[in-house]
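**Student:** One structure follows; several queries about it will come next.
Derivation of every value follows stated rules applied to the coordinates shown; laboratory data play no part. This structure is a prediction, so every number in the text was calculated from the model and none was measured. Methodologically, a virtual Cβ is constructed for each residue, glycine included, from the backbone with ideal geometry; neighbour enumeration extends over all protein chains shown.
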Amino acid sequence: MAQIDGFDDLEHGTKRIDGLSMHYVTAGDGPPLVLLHGWPQTWYEWRDVIPAFAEHYTVIAPDLRGMGDSGTPRGGYDKDTVATDVRNLVHELGFDDEQIALVGHDWGMPTAYAYAAQYREEVGALCVLEAGLPGVREDEKRHFWHTRFHGVRDLPERLVAGRERLYLEWFYKEGAYDPDAINAAARDEYVRCYSQPGGLRGGFEYYRAYDEDADNNASHAETPLEMPVLALGGAASFRKLPIEDLHAVAQDVEGEVVEGAGHWIPEERPDYFVDRVGEFFADALE
C-alpha cells in the first residue's frame, strides 16, 4: 500500500464496520482530525498535508465505502450511510467521547456535512472544499456532465473499463489550475484502486445516490449547523459554490476562494491548506 515519502509515522489499518471492510491510515497524536477524500481519489490525496497535521492531531484518513482499498458493497452510498461508516470507524479507534475536527473534499464534502448534521455534538468544527450539497440551491449543480453520466446505471463502467487511466487522468488535468499538480505516483495509486474489481462501480455509486442525498440534505437543513465551518473553493474550479451552499445550511461560516488552485486544493496548495485549515481549527476548537 502507498506510503508518504520521508514520513515514518503513518500506519495502515483495516476494520470491519457493520460488515464493511474499511481501510484507513492514521498518524500523529492528539485530538482527532478526520480527513474525507473524494472521487476519483483515495486517502492518498492528503499525503502532502498529513505530516504537518500529525504534529498537532491524531489524523484519521479512511478510504470511503466503495473506494480505495475499502470494500465495495452493493448499496449504502447515500452520504448519511457513508458518514455513519466513518463515525463508527472513529469510535472503533477509541474516539467516542471527544469532538472531532472534520474535513471533506469532493464527495467527502457532502459526507462530512452528513456526519456533522447527524452527529452534531460529536463535531467541533467542519471544513469543506470543492463540492456542493445535493438538494441545496439545486439549479447550480445538475449541469455537470459527469454527474449525469456517472449516474446512469452500469453504462459508465462498461465504457471506462480497461481505459481507467485515460479517463481518470482527464479529470486530474482538467480540474487543476496546474495540470501537473497531481504527480505520476499519485495518479498510479488512484488508477490502481479504481482498476480493482468493483472500483469503478464503487465511485459511480456516489453519483447514483444523488436524489437520496438531496432528500436527506433537505431534511438536515431544516436545523442549521451551529459549529464553526470553513468552506473553500478553488479559483479555477468551484469558486464560491461551496461557500454559498454552506451559508444555506449553517450559521457560522467562513469562506474563501483559493487562488492558484483548481479542484485539488490539498495537492495544488498544500502549504496554504495546512496553514489556513490549521489556523481555523486552532481558533474554532480552543
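**Student:** Given H placed 1.01 Å from N in the peptide plane, which residues other than close sequence neighbours of VAL34 have an amide H under 5 Å from its amide H?
**Tutor:** Answer set, sorted by chain and number: ILE60, ALA101, LEU102, VAL103.
**Student:** Quote the FRET efficiency, to the nearest 0.05, computed for GLU11 versus GLU169 with a Förster distance R0 of 22 Å and r equal to the Cβ-Cβ distance.
**Tutor:** Between GLU11 and GLU169 the formula returns 0.15.
**Student:** Can you work out the Karplus-derived ³J(HN,Hα) for every residue in segment 182-192? Use 6.51 cos²θ - 1.76 cosθ + 1.60 with θ = phi - 60°, whole Hz, and x for glycine or proline.
**Tutor:** With the stated coefficients, segment 182-192 comes to 8, 6, 5, 5, 5, 4, 4, 5, 5, 5, 3 Hz.
**Student:** Related question: Specify the residue with the greatest mean-square fluctuation among PRO242, PRO110, PRO179, computed from a Gaussian network of the chain linking alpha-carbon atoms under 10 Å apart.
**Tutor:** PRO179
**Student:** When the Cα centres of segment 211-286 and segment 54-107 are compared, how far apart do they sit, in Å?
**Tutor:** Value for the Cα centre distance between the two parts: 18 Å.
**Student:** Of all DSSP beta bridges located in segment 11-284, what percent are antiparallel, nearest 5?
**Tutor:** Around 35 percent antiparallel, to the nearest 5.
**Student:** Hey, another quick one. Tell me, in nm to one decimal, what length is gained between GLN118 and ASP215 on full extension, where the rule is 0.36 nm per residue of separation less the Cα-Cα distance?
**Tutor:** 33.5 nm
**Student:** Give the total of Lys-Lys pairs in segment 11-284 with Cα-Cα distances below 22 Å; include a pair only if its members are 8 or more places apart or on different chains.
**Tutor:** Summing the qualifying lysine pairs gives 5.
**Student:** Give, in whole angstrom and from largest to smallest, the semi-axes √(5λ) of the equivalent ellipsoid of segment 42-120, with λ running over the eigenvalues of the Cα gyration tensor.
**Tutor:** After scaling each eigenvalue by five and taking roots: 20, 16, 12 Å.
**Student:** I've got another one for you. Rounded to the nearest 0.05, what FRET efficiency do GLU98 and THR223 give with R0 = 25 Å and r taken as the Cβ-Cβ distance? Could you check?
**Tutor:** E(calc), rounded to 0.05, equals 0.65.
**Student:** Please give the contour-minus-distance gain from LEU155 to LEU285: 0.36 nm per residue of separation, less the Cα-Cα distance, rounded to one decimal in nm.
**Tutor:** Additional length available on full extension: 42.3 nm.
**Student:** Express in nm, to one decimal, how much length is gained between ARG239 and GLU254 on full extension, taking 0.36 nm for each residue of separation and deducting their alpha carbon distance.
**Tutor:** In short, 4.0 nm is gained.
**Student:** Still on this structure, I have one more. Once you have the Kirkwood Rh of the chain from its Cα pairs, apply Stokes-Einstein at 20 °C and 1.002 mPa s and quote D in µm²/s.
**Tutor:** Stokes-Einstein gives a translational diffusion coefficient of 115 µm²/s.
**Student:** Same structure, new question: For each of ILE50, ILE4, count neighbouring Cβ atoms within 10 Å of the residue's Cβ, then give the residues from fewest to most.
**Tutor:** In order of increasing Cβ crowding within 10 Å: ILE4, ILE50.
**Student:** Something else about it: Please report GLU256, GLU286, GLU279, GLU55 as a ranked list, fewest other C-beta atoms within 10 angstrom at the top and most at the bottom.
**Tutor:** Result, fewest neighbours first: GLU286, GLU279, GLU55, GLU256.
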